[in-house]
Amino acid sequence: MTDSEISTKYQTWLNPPFDAQTRDQVKKLRRNPIQLKEAFAKNLEFGTGGIRGIMGVGTNRINRYTLGRCTQGLCNHLKTIHQNESILSVVAYDCRNHSAQLAKEVANVFAANGVKCFLFSELRTTPELSFAVRYLKAHCGIVITASHNPPQYNGYKVYGPDGGQIVPPIDQYIIDAIDQVSFSEIQFEAKQQLIELIDEKIDKAYFNTVLNVAQINPSKNKSLKIVFTSLHGTGMTAIPPVLEKAGFGHLHIVKKQAPPNGDFPTVESPNPEESKAFSMAFDLAKQQDAEIVIGTDPDADRLGVGVKTISGSYQLLSGNQAMVLMTEFLLNHKKRKGELNQNSFIATTIVSTPLMEKMAHHYGIECKICLTGFKWIGQMIEDFQDQEFICGGEESFGYLVGDQVRDKDAVSATLLMCEIAQLLKDKGSHLLEYLSEIYHKYGLFHEDLVSLTKEGLSGFEEIQQQLKTLRQSPPKTLANQKVVTINDFQSSQSIDVESQQIQSIELPPSNVLQFITQDHSKVTIRPSGTEPKIKFYFSLQRFYQSQVSLLDQLNQLSEEIGLLKRDFNLSP
């Protein structure tokens, strides 16, 4: 966008329909030309999880006008599809600064357009929003959240009537409708009778659903010692009551991280993928001699699992490790009960561990593979209603049990993981020992991830150029192994390097590159759909060595992944 176009957009925001406070904030941007350009250089775009961005004034920021425009466009789209019907919506929000206010603005736009809106009276988890859309038979749902992004971010996730995030081609229809809306056309004056507050009734139904899908042992006197941290997020609204209902009476909560707080004052990042976020939880676990530590992100769709080691310290499982623990347990449990058949399936993504496929093959069921982003797993549940969805997960700490929720659900996953840990404890075992048994059964798999943050417009351009360069000059070897296959998900082509034969990739186009070597090492590169990052995913598979400790084997594979990282000029 040219400087002249940016200036025109800037001038527009100095006049009505923008309110006086917004106009004053826009005027202040003149003091910082870089911030002014960042705020108006483009419009916020739908990514992997809807719209996500920095809060502030401008077309490239999260504010009442950009979210109001999205909601107005969504209303216009829904009215076109559901002519002469009563349209229902559900709105939820997380702990972030301004989330409650922005949720109210969104509800007002729905109600101003004649769309009845069920608005949660207080903050709630994202999976409960997904559940509520289906439970209330709504046409759409919105949750105001930026997941685990830094405090200055917020976001707007859109859910369809199936309770899943929107996917193509519906997302493009909504985007087209939004693009046709001018800011002056946003209707903010709500018909208040169309806004209905919801809370405990939905909580009860959701909690019961979680118990139905994830509670394995109905005992109400469980001895497992659990430490939980919500990292200042919405997890406190659901996980403690669910664990209590399931009979876990030894729950220890990190009190300083329990109050909702959008500044996330006790952590550098409210991201359960990062061990640093568990510092206080691990300290409490040592004090209480806990067997398991659970941490959830601000909207409680992702969970991190910390486990006690033989030495008495605590380590954070990777998202892949937590996923295979829960999946192996569920498949084995259902097989013993006679509940598995050829019609069952599990699901995962192109950047997650291939071990999911091996487990599915062992149990004689299908493992469906989709693009990165849990919306694609939710869509598969909807697309294959003639099959039974058991569970699904992705490496980024997202997991779902059953099909009553259509997004990753840290609440049901937390309950399931605690149930597994309790059953292992009753047998004199523990989660790391169970993980070793899984690797012994299927082979050793190890994955790692490097995320590089590239802020602003220049960062976006740098990410695009890096992927363009890799397409033009792909590596011939990685870690001294020949690259044998190149999967370019943008062109939907899988290329056999030696023969140059090309096969089609039966997935929607996505800006993702994947290199596979002759020893089955795999490197996948993609820009994040929700953050200003480029991500490098590394995956190795080797034979499990019974005579060598699991920790030593994983350390050896980490060194091998270090060689792959160096080939991309990344720190080992």
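The values are calculated or read from the model by the stated rules, or taken from the named source; none is laboratory data. In this text, all values refer to a predicted model and were calculated from it rather than measured experimentally. Please note: Cβ atoms are built from the backbone with ideal geometry, for glycine as well, and neighbour counts cover all protein chains shown. Accessible surface is based on the protein model in full, side chains and every heavy atom, while ligands, DNA and RNA are left aside. Shrake-Rupley method; radii C 1.70, N 1.55, O 1.52, S 1.80 Å.
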Cross-link reach from Lys482 to lysines, straight Cα distance under 23 Å and at least 8 residues apart if same chain, gives Lys468, Lys522, Lys535, Lys565
Compute the normalised compactness of the range 5-49: alpha-carbon radius of gyration over 2.2 N^0.38 Å, N being the residue count. 1.24
Helix 200-214 against the longest principal axis of the chain: what's the angle in degrees, Cα atoms only, rounded to the nearest 10? 30 degrees
Any idea what % of Cα-Cα pairs in the chain are farther than 31 Å? 49 percent
log₁₀ of I(q)/I(0) at q = 0.18 Å⁻¹ - the range 148-275, Debye sum with one point per alpha carbon: -1.22
Counting all C-alpha pairs of the range 64-211, share separated by more than 20 Å (%): 43 percent
Please report the accessible area of Tyr135 (heavy atoms, 1.4 Å probe, ligands and nucleic acids excluded) in Å², nearest 10. 100 Å²
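How much net charge surrounds Leu325 when only the other residues with a Cβ under 12 Å from the Cβ of Leu325 are counted, with Lys and Arg +1 and Asp and Glu -1? Don't jump to the answer; show the numbers that get you there.
Working: positive: none; negative: Glu328, Glu419, Glu433, Glu437.
So the environment of Leu325 carries a net charge of -4.
Within the range 311-352, list the trypsin sites (Lys or Arg not before Pro) lying in a DSSP loop whose Cβ has at most 14 other Cβ atoms in a 10 Å radius.
Those satisfying the criteria are Lys337.
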Percent of accessible area on the chain owned by carbon and sulfur, 1.4 Å probe? 48 percent
Nearby aspartates and glutamates by direct alpha-carbon distance to Lys476 (threshold 16 angstrom, same-chain neighbours under 8 apart not counted): Asp488, Asp496, Glu498, Asp519, Asp567
Please get the size of the charge dipole for the chain, origin at its Cα centre, with Cβ charges of +1 on Lys and Arg and -1 on Asp and Glu, quoted in debye to the nearest 20. 800 debye
Alpha-carbon centroids, the range 322-376 and the range 111-177: separation in whole Å: 27 Å
Lys, Arg +1 and Asp, Glu -1 on Cβ, resulting dipole of the range 120-235 about Cα centre, debye, nearest 20: 800 debye
With every protein chain kept in place and ligands, DNA and RNA left out, what is the accessible area per residue of the range 290-403? Probe 1.4 Å, answer in Å². 30 Å²
In the P(r) worked out for the range 371-509, what percent of Cα pairs fall beyond 27 Å? 47 percent
For Arg302, the residues 5 or more places away or on another chain with a placed amide H closer than 5 Å to its own amide H are Asp297, Ala410
Which whole-number percent is the relative contact order of the range 1-72 (Cα, under 8 Å, 6+ apart)? 25 percent
What aspartates and glutamates sit close enough to Lys334 to cross-link, taking a C-alpha to C-alpha distance under 18 Å and skipping anything fewer than 8 places away on the same chain? Glu357, Glu366, Glu388, Asp403, Glu419
Counting lysine pairs in the range 1-131 that sit 8 or more positions apart or on different chains, with Cα atoms under 17 Å apart, gives 8
Extending each Cα 7 Å along its Cβ direction at Lys27 and Glu559, get the distance between those two points in nm, one decimal. 6.5 nm
Debye sum, Cα scatterers, the range 256-361, no solvent: what log₁₀ I/I(0) at q = 0.10, 0.17 1/Å? -0.39, -0.90
How big is the accessible area of Lys468 in square angstrom, nearest 10, if you roll a 1.4 angstrom probe over the protein chains? 110 Å²
Between 0 and 90 degrees, rounded to the nearest ten: what's the tilt of helix 319-336 against the longest Cα principal axis of the chain? 70 degrees
Please report the accessible area of His250 (heavy atoms, 1.4 Å probe, ligands and nucleic acids excluded) in Å², nearest 10. 80 Å²
How many Å³ per residue does the convex hull of the Cα positions in the range 484-527 occupy? 57 Å³
Output ³J(HN,Hα) for the range 250-261: one whole-Hz value per residue in order, computed from phi by the Karplus curve 6.51 cos²θ - 1.76 cosθ + 1.60 with θ = phi - 60°, and x for Gly and Pro. 10, 9, 10, 9, 6, 5, 5, 9, 7, x, x, 7
Helix 431-442 sits off the longest principal axis of the Cα atoms of the chain, rounded to the nearest 10 on a 0 to 90 degree scale, by 70 degrees
Given the rule -39500 (n - 2.57) for each run of at least 4 DSSP H residues, summed and divided by the residues of the chain, what is its mean residue ellipticity at 222 nm, to the nearest 500 deg cm²/dmol? -11500 deg cm²/dmol
Rg in Å to one decimal, and Dmax rounded to a whole Å, for the range 505-572 via C-alpha atoms: 14.6, 44
Val90's amide H: which non-local residues (gap 5+, or another chain) put their own amide H closer than 5 Å, with H modeled 1.01 Å from N in plane and none for Pro or chain starts? Phe118, Cys140, Gly141, Ile142
Which number gives the lysine pairs in the range 176-317 that have C-alpha atoms under 13 Å apart and are eight or more places apart or on different chains? 6
Lys and Arg at +1, Asp and Glu at -1: neighbours of Glu85 with Cβ under 14 Å from its Cβ sum to +3
What does the charge count around Lys441 come to, taking other residues whose C-beta lies under 12 Å from its C-beta (Lys +1, Arg +1, Asp -1, Glu -1)? -1
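Are there GluC sites (Glu not before Pro) in the range 58-137 that DSSP marks as loop and that have at most 11 other Cβ atoms within 10 Å, and which are they?
Qualifying residues, ordered by number: Glu85.
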